[in-house]
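Enquirer: One structure follows; several queries about it will come next.
Taken together, the values in this text are just the output of simple stated rules run on the coordinates, not laboratory data. The model shown is predicted, which means the values in this text are computed figures rather than measured ones. Heads up, the Cβs are rebuilt from the backbone with ideal geometry, glycines too, and the neighbour counts pull from every protein chain shown.
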Amino acid sequence: MPSLKKTLHFCSSAFFCAGGVALLGYGMSVDWSNTSVDCKSSNVTGSGIVKIGLFEGAIVLKACPFIDGGSDVKVLEKLEGVPLILQYIVIALLVLSLIGSAASILITLYNSFSNPYETYMGPVGLYACSGFSVGTSFLALIMYVSNVHLSNFSEEWIRESNAENLTNTKVDMQLGFFLVLPYMAVNLLAILLVYLYIHGAYTRQKEQQKPTEDAPKEIMMY
């Protein structure tokens, strides 16, 4: 049976991984960015805002072009071309991150009550799965930022309301985007907890071997 210290380290690691799954799951359901523009029509200055998440979004118009209005949108249905492809890639990367976190939870829980050999079901498996989750979620952030900053689909959606002379385009990242950062952090903490235990156990093992290694050869013969 594993020691109490090992059980605490691995259970704590599983707790962090589970917390990361909750953070990312919630983050995928809320807004990721707001794109705002100013529009002018016949001496009337208004504004338009496009709020989008991974799946749902909304267009809010304020005197753009003449009266207030807006509508909810299905992001994956309204996007086209390269922006749609990038959106699917972002979602796929985040799903892979969740799968990696789920594998990390299973591995840490298994190690908390068992002593597997140094295989993929041991600490190496946790390092690989949690590291994979961090890597894929980081790539998702980069892809999303590139999509909303380099594509002009938000302006095109606002132009569909006959708005013209769009200026002062501004993109603000929202809660869903920023929740990926603590998700990455808790996965790194999960790795750190297990690494500290493994490093401490290795150090204690070396210290126990020192008296035998340093003993005179004459004594060791008896």
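Enquirer: Add +1 for every Lys or Arg and -1 for every Asp or Glu among the other residues with Cβ under 15 Å from the Cβ of Thr169, and state the total.
Expert: -1
Enquirer: Also, I was wondering about something else. Tell me, what is the percent relative contact order of region 1-109, built from C-alpha pairs under 8 Å that lie six or more residues apart?
Expert: Relative contact order, region 1-109: 25 percent.
Enquirer: How much net charge surrounds Val73 when only the other residues with a Cβ under 13 Å from the Cβ of Val73 are counted, with Lys and Arg +1 and Asp and Glu -1? Intermediate results must be reported in sequence, preceding the final value.
Expert: Values: positive: Lys51, Lys74, Lys78; negative: Asp31, Glu56, Asp72, Glu77, Glu80, Glu156, Glu160.
Counting the neighbours of Val73, the net charge comes to -4.
Enquirer: Based on the mean of other beta carbon atoms within 10 Å per residue, what is the order of 173-179, 96-102, most packed first?
Expert: 96-102, 173-179
Enquirer: While we're looking at this one, here's another question. What are the extents of the Cα atoms of region 71-182 along their three principal axes, listed from largest to smallest and rounded to whole Å?
Expert: Principal-axis extents of the Cα atoms in region 71-182, largest first: 67, 24, 22 Å.
Enquirer: Take region 4-202, compute every pairwise Cα distance, and split them into 5 Å bins from 0; I just need the percent in each bin.
Expert: Result returned by the calculation: 1, 8, 15, 16, 13, 10, 9, 8, 6, 5, 4, 3, 2, 1, 0, 0.
Enquirer: Residue farthest toward the positive end of the dipole of region 22-170, with Cβ of Lys/Arg at +1 and Asp/Glu at -1: which of Gly48, Asn115, Ile59?
Expert: Farthest along the dipole direction, towards plus: Asn115.
Enquirer: Let me know the number of lysine pairs in region 4-202 closer than 23 Å at the Cα, not counting same-chain pairs under 8 apart.
Expert: 12
Enquirer: Using the per-residue mean of other Cβ atoms lying within 10 Å as a proxy for protection, in what order, highest first, do the peptides 8-21, 148-161 fall?
Expert: So the peptides 8-21, 148-161, ranked by packing, come out 8-21, 148-161.
Enquirer: Sorting check: for 80-88, 27-35, which peptide has the highest mean count of neighbouring beta carbons within 10 Å, and how do the rest follow? Walk me through the numbers before you get to the answer.
Expert: Values: 80-88: 15.0, 27-35: 20.0.
Going by the mean number of other Cβ atoms within 10 Å, highest first, we get 27-35, 80-88.
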